[in-house]
Structure formats: C-alpha cells, structure tokens
Amino acid sequence: MAQIELRDVSLRYFTIKEETEALRDINLTIEEGEFISIVGPSGCGKSTLLSLISGVMQPTEGEVHLFGETLNKTSDRTGYMLQNDHLFEWRSVLKNLLVGAEIRGMDLKEAEARALELLNRYGMGEFAHHSPKQLSGGMRQRVALIRTLVIQPEILLLDEPFSALDYQTRLTLSDEISTILREQKKTVILVTHDISEAIAMADRVIVMSKRPSTVKKDYNITFNGGRPSPFETRQRPEYNAYFSEIWKELEEHVHA
Ligand code: ADP
Ligand code: MG
C-alpha cells in the first residue's frame, strides 16, 4: 500500500470574479520513506498540491489517500513547513518548538525532551533560551524544521523552505536538512523552484506543467555507487545530465 496516493485529482479555485483551474488529473503515488522534489513553473499549483496532501484543502475532483484512507481533514501524521518560518518573536526558541505540540494537545514534557534532544543533535542546543531575533535566517529555518519534527510526523511537506535564504546558506542548509531527514527516515515532499536543489536532495523529481497543471515527468534520481551527500551530488556527471533534462522540460513552458 502506498503511503500517499492522489487519484485523478483536480482543483479549481472559485472567486466572485473568476475560476482558476490549478490542478488537472493528477495521479501520483508516493511510498513510505521516499524523498521527492516537485518543480514546476511559478503559479502552476505546487503549493496547492501540498495543501491537498496536508488535508487543509479538498480536491474538486478525485481523491487523496493517506495510509490507505481517504483524506478529508488534516492528519496528525503530517507536518508542514513553509517558506516563512512563522517563529513567534516573543517566545524563546524552545517555546517555539512546542507550538505544534501544544496545538495538538500532546504531552508537553515529552515534547520538550524531544525538542531539546533535536536541538542538541543538530548543533543548536545552546540556543534553546534565545529569542528567534538572535538567530540567522538559516538557523531560523533549522528551528522551523525541528519544530515540525517535534510532533513526530511520518510525512513532511516542505514548501520552498530555503527560498528566502542567500545562496551560500541555502547550499549548507539543504545539505544538513536532507541528512537530518534521511536519518529520521521520513517521507518528504519538497517543493522548490531550484532544479539543482531538487536533484541534490531527492530520490525522485516530479516536474509539473503550467496551469492547469499535471504531472509532466517523473524522474528517479540515482547515482553510480549509491547516493552521495547533496553537496557531492552536484559534482557528479549524473547530476549534470539530470539538470539539463529537467531544465529543458521547464524551458518548454517559458517558450510555449
Ligand atoms: P505555486 O505554488 O506553484 O506557485 P499555487 O498553488 O500557489 O502555485 O497557485 C496555483 C494557482 O492558483 C495560481 O494561479 C494562483 O494564483 C491560484 N490560487 C492559489 N490560491 C488561490 C486562492 N485561495 N484563490 C484563488 N486562486 C488561488
Ligand atoms: Mg507556492
């Protein structure tokens, strides 16, 4: 049984003035533990797709299945991380890490122990009682990720989590975060507009077409002799081959 399955999913937005067809006939199957990236032209419906998988929105047509069941509300088994870290400035880092656990009514003592352990493991233990204001952009995103991990989701949805960061930070952080997520054995869906990040981090890259968007290509990303770290990936010959193929797929939209 696939962990996530979208069957003939379409999504139209209705406003007083117009109807926008964002997604059309999406079929997608994701297995437990897969790390997939989604790329596609701006405005094609990538965030919409994540919202459907998170259960905050329902498809206009078709069905989303999670763990073999039709999804009709948000699931506690899914964590969602956005581009903006949404940290509360008046709360310490540790208190920020407990927000999700509070909302879900989880045992806060246990959640705090997990939060501290994750902070320590990922080199941020000394910042537990700092204010988010004292952290760099990259550190804030790391806190946002840890906050998502504290609720122990099996599926992580990441919507352009690095796009507000400078290039150097993005490289370092994408490396670290993919290491963390592989170590935690989560199923990950990463939306990014950065082809190189998509290839470097994921085992599978899904290319979406322009609106009304559908799955255009689905690449399995493999490397000779096993998967290197994201940083090393970028020096491999396979990386260049994937890059130019995906680039061409996306280019067609620009000239279409
Ligand atoms: P992406 O994340 O790929 O940039 P989105 O999923 O955010 O794209 O949006 C897909 C399309 O749906 C866009 O044309 C966007 O303007 C439209 N859209 C997104 N959210 C809404 C909404 N709440 N109401 C109406 N249209 C929307
Ligand atoms: Mg988006």
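Please treat every number below as a calculation from the coordinates, not as lab data. Only a predicted model underlies this, so the values are computations on that prediction, with no experimental measurement involved. Glycine gets a Cβ as well: all are built from the backbone with ideal geometry, and neighbour counts include every protein chain shown.
Some notes on this structure:
- For the chain, the longest principal axis of the alpha carbon atoms and the long axis of helix 237-255 meet at an angle near 60°.
- Table column - 3J(HN,Hα) (Hz), region 61-69, Karplus curve with 6.51, -1.76, 1.60, x for Gly and Pro: 9, x, 9, 10, 10, 10, 6, x, 10
- As a proxy for reagent exposure, ranking Glu251, Glu21 by other Cβ atoms within 10 Å from fewest up yields Glu251, Glu21.
- Among Asp107, Asp194, Asp175, the largest mean-square fluctuation in a Gaussian network model of the chain, built with springs joining Cα atoms closer than 10 Å, belongs to Asp107.
- Springs between Cα atoms under 10 Å define the GNM used for the chain, and in it the highest mean-square fluctuation of Ile16, Ile155, Ile177 occurs at Ile16.
- With semi-axes defined as the square roots of five times the eigenvalues of the C-alpha gyration tensor, the equivalent ellipsoid of region 191-256 measures 23, 11, 10 Å, largest first.
- Directionally averaged projected area (convex hull, Cα atoms, region 85-128), nm²: 3.2
- Centroid-to-centroid separation of region 19-81 and region 153-185 [C-alpha atoms, Å]: 19
- Viscosity 1.567 mPa s, temperature 4 °C, Stokes-Einstein D of region 141-242 from Kirkwood C-alpha radius, µm²/s: 89
- Long-range HN-HN contacts of Met81 with modeled amide H, under 5 Å: Leu157, Leu158, Asp159
- Too-long pairs where the Cα-Cα distance tops 28 Å, listed order kept, from Lys17/Lys210; Lys186/Lys217; Lys17/Lys217; Lys186/Lys216; Lys73/Lys248; Lys73/Lys185: Lys17/Lys217; Lys73/Lys248
- Rounded to the nearest 0.05, the FRET efficiency derived from the C-beta distance between Lys109 and Glu252 at R0 = 41 Å is 0.15.
- Region 9-91 - convex hull of the alpha-carbon atoms, volume per residue in Å³: 158
- Helix-only [θ]222 nm of the chain, DSSP H runs n ≥ 4, -39500 (n - 2.57) each, per residue, nearest 500: -11000 deg cm²/dmol
- For Met208, distant residues with modelled amide H under 5 Å away: Val39, Gly40, Lys216
- Highest-first packing order for the peptide set 40-51, 210-221, 119-130 is 40-51, 210-221, 119-130, based on the mean count of other beta carbon atoms within 10 Å.
- With respect to the chain, whose longest principal axis is taken over its alpha-carbon atoms, helix 108-121 is tilted by about 80°.
- Packing-based exposure ordering (other Cβ within 10 Å, fewest first) of Met201, Met139: Met139, Met201
- Estimated vicinal HN-Hα couplings, Hz - region 194-211 in sequence order (Karplus 6.51, -1.76, 1.60; Gly, Pro = x): 9, 4, 5, 5, 4, 6, 5, 9, 10, 8, 8, 10, 9, 9, 9, 7, 6, 4
- Normalised Debye scattering of the chain at q = 0.09 Å⁻¹ gives log10 I(q)/I(0) of -0.41, counting only Cα atoms as equal scatterers and leaving out solvent.
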